[in-house]
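Visitor: Please find one structure pasted underneath; my questions will follow.
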Amino acid sequence: MEQILQSSKSYSKWIMVISVVIPVVVAVLLFAPVNLSFEKGGWIQLLPTLNAVINSATAVLLLAALAAIKARRTTLHRNLMMTALGLGTLFLLSYVLYHASTVSTVYGDINHDGVLSDAERAEIGGYRTVYLLTLLSHIALSIVVVPFVLFAFYYALTGQFVKHTKIVKYTFPVWLYVSVTGVIVYLMISPYYL
């Protein structure tokens, strides 16, 4: 029993370390003067679309996994959730690669000069506020949900289904919100990509 408790504490520490390291690495790559050089207009420009597809697929997988567990199809549920976790990892890699390679796009930058002029701001009106609120809630919740997703997987994989069930009551809707708002954010900003 003591060995199980030690193992559980070890996994908890790793989950917390990963949950802190991921947003720190993403923040450093977004705000530090790191720029991987890839050919402008090449394959790297396809990554935001890929990320939207990944977020869409994740949302579908989450809903399918919910339906599977309600139908007591646990193997299907587990496979769908493992696929969703894999897609989340692929998304993170693609997101980091894109943002470490390009300058962030400015919402409303109609002429693509990287500056939001007063005229552009006036033309887009309140849509920018909607975009920013959606983006900020998406980012904040994507950071918050990581440890809960990892603990939910840990509890499921170690057969701690009571704890798993308790944590997913809150984790599932947040993860689904993050996936759906990721697509919405992409659709809103995609006209401003170069």
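The values are calculated or read from the model by the stated rules, or taken from the named source; none is laboratory data. What you see is a predicted model; the values in this text were computed from it and never measured. Note: ideal-geometry Cβ built from the backbone for every residue, glycine included; neighbour counts use all protein chains shown. Remember, those area values only see protein heavy atoms, side chains included, never the ligands or the DNA or RNA. Shrake-Rupley method; radii C 1.70, N 1.55, O 1.52, S 1.80 Å.
Visitor: Among [x] 23, 20, 17; [y] 26, 21, 18; [z] 35, 19, 15, which is the computed semi-axes √(5λ) of the Cα gyration tensor in Å?
Guide: Working out semi-axes √(5λ) of the Cα gyration tensor in Å from the coordinates points to [z].
Visitor: Rounded to a whole number, what is D in µm²/s for region 120-192 from Stokes-Einstein with the Kirkwood radius over alpha-carbon pairs (4 °C, 1.567 mPa s)?
Guide: 94
Visitor: Going toward the positive end of the dipole of the chain, with +1 on Lys and Arg Cβ and -1 on Asp and Glu Cβ, which of Ser137, Asn55, Leu85 do you reach last?
Guide: Checked the options; the winner is Leu85.
Visitor: Also, quick follow-up: Sum up the lysine pairs in the chain that clear both bars: alpha-carbon distance under 22 Å and a spacing of 8 or more or different chains.
Guide: For the chain, qualifying lysine pairs total 7.
Visitor: If r is the Cβ-Cβ distance from Tyr177 to Trp43 and R0 is 35 Å, what FRET efficiency results, to the nearest 0.05?
Guide: Step by step, r from the Cβ atoms, then E = 0.75.
Visitor: If Rh is defined by the Kirkwood formula over all Cα pairs and Rg also comes from Cα, what ratio Rg/Rh do you get for region 72-158?
Guide: 1.15
Visitor: Another question, then. Enumerate the calculated ³J(HN,Hα) couplings along region 46-55 in order (Karplus 6.51 cos²θ - 1.76 cosθ + 1.60, θ = phi - 60°), each rounded to whole Hz, writing x wherever the residue is Gly or Pro.
Guide: So the Karplus estimates, Gly and Pro as x, are 7, 5, x, 5, 4, 4, 5, 5, 4, 4 Hz.
Visitor: So what J values fall out for region 20-29 if you push phi through Karplus, 6.51 cos²θ - 1.76 cosθ + 1.60 with θ = phi - 60°, rounded to Hz, Gly and Pro as x?
Guide: My calculation for region 20-29 gives 8, 5, 4, x, 5, 4, 4, 4, 4, 5 Hz in order.
Visitor: Taking only protein heavy atoms and a 1.4 Å probe, what accessible area per residue, in Å², does the chain have with all protein chains in place?
Guide: Normalised by residue count, the accessible surface of the chain is 62 Å².
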